[in-house]
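Novice: Sharing a structure here in structure tokens format.
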Amino acid sequence: MFHLIVYFEVNYWLMKNKSKSKMEIFQRIYSDQGIGVLDKDIFDIAVTERLKLQDQGFNIEDDDLLIVAYCLKHNLTLVTNNTKHFKDIENLQIVNWKE
């Protein structure tokens, strides 16, 4: 399942980059999976990850941090073009969609 922030972020990126083939893939996956919810556990994970990153001198935007927390809670792989942005997050599985 996706949560709404993931849906927003992916749709924004795909529309911005006019990536029709990837949009079709995403829409197919989305229609099969639906929308999940952000619960207390996800916010707790996000806070923990933010504190870890700040201790290391890194900062990450709230929406990205919630996506990370959702992935960590549900043991999902984060698909992104910006693997560098997420590389310092422990136990996060990342795939670069551009490769």
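The values are calculated or read from the model by the stated rules, or taken from the named source; none is laboratory data. Since we're looking at a predicted model, the values are computed, not measured. Glycine also receives a Cβ, built like all others from the backbone with ideal geometry; neighbour counts cover every protein chain displayed.
Novice: I need a count of the residues in region 48-76 that are loosely packed, with under 12 Cβ neighbours inside 10 Å and modelled with pLDDT of 90 or more.
Specialist: Adding up the residues that qualify gives 6.
Novice: If you check every pair at least six apart or on different chains, which have Cβ atoms under 8 Å apart with a residue in region 29-44 that is surrounded by 11 or more Cβ atoms within 10 Å (Cβ to Cβ) and part of a helix (DSSP H, G or I) first and a residue that is of a type in the set (S, T, Y) and modelled with pLDDT of 75 or more second?
Specialist: Taking only residues 6 or more apart or on different chains, the pairs are Y30/Y7; I42/Y70.
Novice: I'd like the full set of residues that are touching a residue at least 60 places away in the same chain (Cβ under 8 Å) and of a type outside the set (A, V, I, L, M), limited to region 52-80.
Specialist: Result: Y70, H74.
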